[in-house]
There are 2 protein chains.
Amino acid sequence: MKKKNKDLPVILITNDDDITSKGIRSLVEAVKDLGKVIVVAPDKPQSGMGHAITIGSPLRMNKVNLFGEIEAWQTSGTPVDCVKLAVDKILHRKPDICLSGINHGANHSINVIYSGTMSAAMEAAIEGIPSIGFSLMDYKYDADFEASKGIVRKMVQYVLGLKNPDKHLLLNVNIPAVAANKIKGIKVCKQAYAKYDEEFHERIDPQGKKYYWLTGEFKNYDKAKDTDVWALKHNYVSVVPVQFDLTNYTLKKQLEKQLF
Amino acid sequence: MKKKNKDLPVILITNDDDITSKGIRSLVEAVKDLGKVIVVAPDKPQSGMGHAITIGSPLRMNKVNLFGEIEAWQTSGTPVDCVKLAVDKILHRKPDICLSGINHGANHSINVIYSGTMSAAMEAAIEGIPSIGFSLMDYKYDADFEASKGIVRKMVQYVLGLKNPDKHLLLNVNIPAVAANKIKGIKVCKQAYAKYDEEFHERIDPQGKKYYWLTGEFKNYDKAKDTDVWALKHNYVSVVPVQFDLTNYTLKKQLEKQLF
């Protein structure tokens, strides 16, 4: 007998690449039979938006028919705005889980902080909704998400199956861009201290004025082997449990002794 | 004898309220004799921008004459972009310290994640520049920063005086909006689990279409007494040491045992 709709977990899906991207479509396809899926995602690319919210201007949202029977809304906001709108104005409740992605491109190491994908997932976790962000290490528009779908399913089933999940549970899952049979397994990792060393390209516009493009070279400064960067380099899927309490407790103890 | 310019620490100042705000002017005034100050700040309000960076479009910057003898640049970017541009294109080196603010309005508790002010400071800390974000609990355009200036000076002198500062040192300083003689002291705190419970105001535009304004009521869910929210409520300045390693190590240990 088919499980009744009201017993199914409500799965909120968002992303930062925009609602028409292949990544979010692949995420929907991977989990659509695991619950009642609803999509609320940005109407334009929002990569690198971090935890931005829209304060000084109002938001729009429109129902769209992009995923067959699955209810879907596009909004004019950031990924974080999408989660807020979904809870307050579309679902009128908290979903049982929030999934963000699948991002076109990695969100490992320090990138978790800049990533709209991960910020949407974090927003849900702050609100007490267990949440997972998924990213594939392939920036291409038509990246191949087939291997990712299996990983996504496994992770979502794991979290939905937890008896007493931490309500602030937040996982950053990055997937190497290789065929499914090349993936060695899933590794629980810490966030590497690895980052882009930025450089701006200076150019001159037709009016003779300077403008600057952000570019950068990715460098791993972290020699540890339990990092996400190490895992991905060795064809493992990396899973970093993420927190939003940014307090540096080690430094807190030191300062309590030293400061004034 | 006056200290030679080249011996003075280089102090980078930025904010998220925009370069013309009273808060950044007050920050400059508070520290201008403590080092060689340079201002690089957004040319428009960037509150709530979180750790957003500008990826899909180029940036502009222009030298402005707003702080007398002090070199100042306004950029078209986010607060995080400002720090990146300052290091790569203006200073061509890392400053000795980065100060962000003084923000018009609190950045305590979970707000650290949404705050452009704190994200600029965090960007500097990621780059290995000791950094402090300052916020006054007063959103008003013409807020009174007089008491804040004394706090700012004290904190900056403390960090500049450290013999071996952690190069990723990052402090989130919030100041109660009271007269200097009402401030009870400075407390080292943890980030409270306190947040806005959001609600969107739905309105109808002249074309009959819906639009939504983000609003919310601030609620403190954290009963602990060593939090920033507690300290501020009791007229203490709160100092939260902040980290950018978001790994949840407790959950990491659990997952290593449980996951697959």
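Odds and ends about this structure:
- The residue of the stretch A:124-149 that is farthest from the chain's Cα centre (by Cα), among those that are crowded, with 21+ Cβ neighbours inside 10 Å and among the hydroxyl-bearing types (Ser, Thr, Tyr), is A:Ser148.
- Scanning the stretch A:238-260 for residues that are at the interface with another protein chain (Cβ under 10 Å from one of its Cβ atoms) and part of a strand (DSSP E or B), we see that the one that is farthest from A:Ile126 (Cα to Cα) is A:Val239.
- Count - residues of the stretch B:204-219 that are assigned to a strand (DSSP E or B) and either at pLDDT below 95 or surrounded by 10 or more Cβ atoms within 10 Å (Cβ to Cβ) (or both): 10
- Any hit, the stretch A:155-170, residues being buried (at least 24 other Cβ atoms within 10 Å of the Cβ) and under 20 Å from A:Val242 (Cβ atoms): yes
- Out of A:Val156, A:Val242, A:Val152, sole residue that is within 21 Å of B:Thr250 (Cβ to Cβ) and under 16 Å from the mean Cα position of the chain (by Cα): A:Val242
- Of the listed requirements (1) of a type outside the set (Asp, Glu); (2) surrounded by fewer than 24 Cβ atoms within 10 Å (Cβ to Cβ); (3) more than 9 Å from chain A (Cβ to nearest Cβ), B:Leu59 misses just one: (3).
- Within the stretch A:203-212, the residues that satisfy the criterion of being under 10 Å from B:Pro58 (Cβ atoms) and either more than 7 Å from chain B (Cβ to nearest Cβ) or in contact (Cβ under 8 Å) with a residue 40 or more places away in the chain (or both) are A:Arg203, A:Asp205, A:Lys210.
- Residue list for the stretch A:124-149, filter: in a strand (DSSP E or B) and more than 19 Å from A:Gln243 (Cβ to Cβ): A:Leu136
- B:Lys252 in contact with an Asp or Glu (Cβ under 7 Å, 6 or more places away or on another chain) and surrounded by 12 or more Cβ atoms within 10 Å (Cβ to Cβ): no
- Restricting the stretch B:126-140 to residues that are within 14 Å of chain A (Cβ to nearest Cβ) and of a type in the set (Ser, Thr, Tyr), the residue that is farthest from A:Met49 (Cα to Cα): B:Tyr139
- Count - residues of the stretch B:67-125 that are under 19 Å from B:Ala194 (Cα atoms), more than 12 Å from chain A (Cβ to nearest Cβ) and of a type in the set (Ser, Thr, Tyr): 1
- Residues in the stretch A:187-199 that are at pLDDT 95 or above and closer than 21 Å to B:Lys84 by Cα: A:Ala192, A:Tyr193, A:Ala194.
- Of the residues B:Val37, B:Val10, the single one that is within 30 Å of A:His201 (Cβ to Cβ) and either under 14 Å from the mean Cα position of the chain (by Cα) or in contact (Cβ under 8 Å) with a residue 60 or more places away in the chain (or both) is B:Val10.
- Residue within the stretch B:100-123 that is in a loop (DSSP other than H, G, I, E, B) and more than 13 Å from the chain's Cα centre (by Cα) present: no
- Residue pairs whose Cβ atoms lie under 6 Å apart, separated by 6 or more positions or on different chains, with the first residue in the stretch B:213-232 and more than 10 Å from chain A (Cβ to nearest Cβ) and under 15 Å from B:Val112 (Cα atoms) and the second of a type in the set (Val, Ile, Thr) and buried (at least 16 other Cβ atoms within 10 Å of the Cβ), are B:Asn220/B:Val229.
- Residue in the stretch A:150-173 that is under 30 Å from B:Val87 (Cα atoms) and either assigned to a loop (DSSP other than H, G, I, E, B) or touching a residue at least 12 places away in the same chain (Cβ under 8 Å) (or both) present: yes
- On the stretch given as the stretch B:173-201, residues that are closer than 16 Å to B:Ala224 by Cβ and small (Gly, Ala, Ser) total 2.
- Restricting the stretch B:31-50 to residues that are small (Gly, Ala, Ser) and closer than 23 Å to B:Asn107 by Cβ, the residue that is surrounded by the fewest Cβ atoms within 10 Å (Cβ to Cβ) is B:Gly48.
- Extreme residue, nearest to B:Gln258 (Cα to Cα), among residues of the stretch A:178-196 that are facing chain B (nearest Cβ under 9 Å) and either outside any strand (DSSP E or B) or of a type in the set (Asp, Glu) (or both): A:Cys189
The values are calculated or read from the model by the stated rules, or taken from the named source; none is laboratory data. Keep in mind it's a predicted model, so treat the numbers as computed, not measured. No Cβ is skipped: glycine too gets one built from the backbone with ideal geometry, and neighbour counts run over all protein chains shown.
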